[in-house]
Amino acid sequence: MATTKGSEGTVKSGANAIAEIRSYTITETADVLEDTSMGDSSRTYLSSLKTFSGSIDCFWDETDTNGQLTLDPGSSVTINVFPEGSGSGDTFYTGTVLITERSITASFDGMVEASFSFQGTGALSETTV
């Protein structure tokens, strides 16, 4: 079984790597429809529509004009998530997302950090570089 270190990954906004990423999450879910009918002894379900969403946490970088600054709330971007890096043969996930939230936080004894949340619109595709 192969394992991958988180430090090998990257996330891109379109073709541009997002700078200073600390972590990311991408979640894909499927709705279910109940199709139980009278006389059944157990509930039964069918798979329905899929959706995906996620977040990206970074050290804030105001000079990252092709990465962090493209993640403006309300904007639509193509997100490319590379869990194992972006080398030939590596798996990645891609989809169009709407940026739903941006927060910038800081404390007196820490770094300035930025968090971005997104909602997928359409399908999330899994492919290889």
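Just so you know, all these numbers are worked out from the coordinates, no wet-lab data involved. Since the structure is predicted, the reported quantities are computational estimates derived from the model, not experimental observations. Here the Cβ is made from the backbone with ideal geometry for all residues, glycine too, and neighbour counts use every protein chain on show.
Is it the case that some residue within segment 96-109 is part of a strand (DSSP E or B), free of Cβ contacts under 8 Å to residues at least 12 places away in the same chain and either over 15 Å from THR25 (Cα atoms) or small (Gly, Ala, Ser) (or both)?
Our first condition is that a residue be part of a strand (DSSP E or B); within segment 96-109, this holds for 96-105.
Then drop every residue that is not free of Cβ contacts under 8 Å to residues at least 12 places away in the same chain, which leaves 105.
Subsequent filtering for residues that are either over 15 Å from THR25 (Cα atoms) or small (Gly, Ala, Ser) (or both) retains 105.
Checked segment 96-109: at least one residue is part of a strand (DSSP E or B), free of Cβ contacts under 8 Å to residues at least 12 places away in the same chain and either over 15 Å from THR25 (Cα atoms) or small (Gly, Ala, Ser) (or both).
Select from segment 48-106 the residues that are of a type in the set (A, V, I, L, M, F, W, C) and in contact with a Leu (Cβ under 8 Å, 6 or more places away or on another chain) and write down the one among them that is nearest to VAL129 (Cα to Cα).
Residue satisfying both the conditions and the ranking: VAL77.
Just one of PHE92, PHE82 is free of Cβ contacts under 8 Å to residues at least 60 places away in the same chain and surrounded by 13 or more Cβ atoms within 10 Å (Cβ to Cβ); which is it?
Exactly one residue qualifies, and that residue is PHE92.
Would you say THR25 is over 21 Å from GLN119 (Cβ atoms), exposed (fewer than 15 other Cβ atoms within 10 Å of the Cβ), within 15 Å of the chain's Cα centre (by Cα) and without any contact (Cβ under 8 Å) to a residue 60 or more places away in the chain? Working first, answer last.
Working: over 21 Å from GLN119 (Cβ atoms): no; exposed (fewer than 15 other Cβ atoms within 10 Å of the Cβ): yes; within 15 Å of the chain's Cα centre (by Cα): yes; without any contact (Cβ under 8 Å) to a residue 60 or more places away in the chain: yes.
Criteria not met by THR25.
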